[in-house]
Amino acid sequence: MRLEPQFLKQVVKGIALTHSEEWNCDECFDQLDCFAEMVLAGKPAAEAMPLVQDHLDLCGPCREEFEALLDALQQLNAE
Amino acid sequence: MPEYSNQEWLEALRSADHNEALAELREYLKRSLRYALSSRVDPNRLDALIEDSAQDALLRILDKMDTFRGESRFTTWASKVAIRLALTELRRKRWENVALEDLVPEDTGIDYTPAVLTDTETSPEQQTYQREVMSLVERLIMTELTPRQRQVMIAILKGGMPIGEAAERLGTNPNALYKMLHDARQRMKNSLEEEGYSADEILEAFSKG
């Protein structure tokens with residue numbers, strides 16, 4: 001059995017990004033509004049909220065929601 | 001639109017005569033959703049998704065308003081709720097005809113030498129290191145994970161299935177499934193470290209491509 005190299009690479013990266021404490025999707029979502037406002041304000045959000053950043057690095061759907069929220073806030077602020 | 005403070009939003013939405021505030025929030029959410037979704041959704045479906053999501057989000061926001069802690073702007077919090085609802089619905093539609101079993105691993109028979117490794121600007125030493133780690137991880141996937149952990153990891157990482165969709169098919173929720181995947185990753189990380197491979201070195205070696 002040979003698993004696909006690209007899949008294996010993703011698993012390897014996921015393993016390397018693993019922390020003993022991680023937040024789940026709802027815990028990340030709970031802080032996502034504060035995190036997004038910090039990012040927009042140019043503040044070091046990842047340092048202030050590392051558990052949010054770690055989750056976003058590992059979870060595609062939550063990352064998509066975060067990026068969509070950022071898009072919305074940026075354009076609403078520009079109105 | 002008037003710029004309400006968080007307190008003004010909460011008071012207006014909680015008052016008996018909250019129709020005006022609801023209408024304003026609905027319009028705000030629709031603008032927010034359009035900005036959030038326009039590059040992510042088929043233009044033909046965008047308007048309907050925005051309408052439906054704004055309506056669902058209003059109900060959710062009214063229901064969950066007491067959980068808003070005031071640490072961000074109320075409108076940011078409300079946008080977050082609406083965007084999650086919309087993207088969840090979008091994923092549900094995109095994946096409704098796909099079963100977990102459809103996303104099985106393929107036996108490629110590939111050795112890890114060709115293009116996949118050589119297309120990045122990696123040194124021969126790094127390529128050797130990558131090959132070692134990938135072989136070891138493949139073995140760990142096949143020997144240390146439960147069949148369910150393996151199936152879910154493949155469905156999500158290879159098949160691209162969103163975690164919420166995988167959870168629904170397994171009769172569980174995304175948080176529980178995330179925990180299961182975390183346990184699987186942690187277990188493999190421990191095994192790699194026991195074999196002398198550190199996470200920092202691995203990240204460095206795999207940072208390209």
The alpha-carbon center of segment A:25-63 and that of segment B:155-173 are separated, in whole Å, by 22
Could you name the lysines in cross-link range of B:Lys30, using Cα to Cα under 27 Å and dropping any fewer than eight places away on the same chain?
B:Lys64, B:Lys80, B:Lys93
Scan around A:Thr18 for amide H atoms under 5 Å from its own, H built in the peptide plane at 1.01 Å from N, and keep only partners 5 or more places away or cross-chain.
none
Please list, by residue number, everything in segment B:30-65 whose backbone N is under 20 Å from a paramagnetic label point 7 Å out along Cα→Cβ of B:Arg14.
B:58-65
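If you take each beta carbon of peptide B:169-182 and count the beta carbons of other chains within 10 angstrom, what is the mean?
The per-residue average across the peptide is 3.
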If one builds a Gaussian network model of chain A from Cα atoms under 10 Å apart, the most fluctuating residue listed among A:Ala48, A:Ala36, A:Ala16 is A:Ala16
Say we join alpha carbon atoms closer than 10 Å with springs in a Gaussian network model of chain B; which of B:Pro43, B:Pro147, B:Pro174 then has the biggest fluctuation?
B:Pro43
Once phi is turned into θ = phi - 60°, what whole-Hz ³J(HN,Hα) does the Karplus curve with 6.51, -1.76 and 1.60 give for every residue of segment A:10-21, x standing for Gly and Pro?
5, 5, 4, 5, x, 5, 5, 8, 6, 10, 4, 9
Ranking of B:Met142, B:Met65, A:Met38 by count of other Cβ atoms within 10 Å, fewest first:
B:Met142, B:Met65, A:Met38
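Work out the FRET efficiency for B:Ala176 and A:Glu47 from their Cβ-Cβ distance, taking R0 = 35 Å, and round it to the nearest 0.05.
With R0 = 35 Å, the Cβ-Cβ based efficiency is 0.75.
Helix-only estimate, please: 222 nm mean residue ellipticity of the protein assembly as shown, summing -39500 (n - 2.57) across DSSP H runs of length 4 or more and dividing by its residues, to the nearest 500. Working shown, then result.
Details: 15 runs with 199 residues, N = 288.
Mean residue ellipticity, 222 nm, calculated: -22000 deg cm²/dmol.
For a quick check: sort B:Ile154, B:Ile83 by the number of other beta carbons within 10 angstrom, fewest at the front. Walk me through the numbers before you get to the answer.
Details: B:Ile154 22, B:Ile83 28.
Ascending number of Cβ neighbours within 10 Å: B:Ile154, B:Ile83.
With +1 assigned to the C-beta of every Lys and Arg and -1 to the C-beta of every Asp and Glu, and no other charges, what is the dipole magnitude of chain A about the Cα centre in debye, to the nearest 20? Please list the in-between numbers first.
Details: 5 positive and 16 negative charges, 107 e Å.
Dipole of chain A, to the nearest 20 debye: 520 debye.
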³J(HN,Hα) across segment A:34-41 via Karplus (A = 6.51, B = -1.76, C = 1.60, θ = phi - 60°), whole Hz, x for Gly/Pro?
5, 4, 5, 5, 5, 4, 5, 7
Evaluate the charge dipole of chain B about its Cα centre and quote only its size in Debye, nearest 20, assuming +1 on the Cβ of each Lys and Arg and -1 on the Cβ of each Asp and Glu.
520
Could you point to the residue in B:Ala16, B:Val41, B:Gln55 farthest towards the positive end of chain B's charge dipole, with +1 and -1 charges on the Cβ of Lys/Arg and Asp/Glu respectively?
B:Ala16
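Give the order of B:Leu29, B:Leu181 when sorted by the count of other beta carbons within 10 angstrom, beginning with the fewest. Show your work: numbers first, answer last.
On the way: B:Leu29 28, B:Leu181 23.
Fewest-to-most ranking of B:Leu29, B:Leu181: B:Leu181, B:Leu29.
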I want to verify a result. In a Gaussian network model of chain A, Cα cutoff 10 Å, which of these has the top mean-square fluctuation: A:Leu32, A:Leu69, A:Leu56?
A:Leu69
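Assign unit charges at the C-beta atoms only (+1 for Lys and Arg, -1 for Asp and Glu), then state the dipole size of the protein assembly as shown relative to its Cα centre in Debye, rounded to the nearest 20. All intermediate terms of the calculation are to be shown ahead of the outcome.
Values: 33 positive and 53 negative charges, 105 e Å.
Dipole size: approximately 500 debye.
Each value in this text was obtained by applying a stated rule to the coordinates, not by laboratory testing. The structure displayed is predicted, hence computed values, not measured ones. Cβ sites come from the backbone with ideal geometry, for glycine too, and all protein chains shown count toward neighbours.
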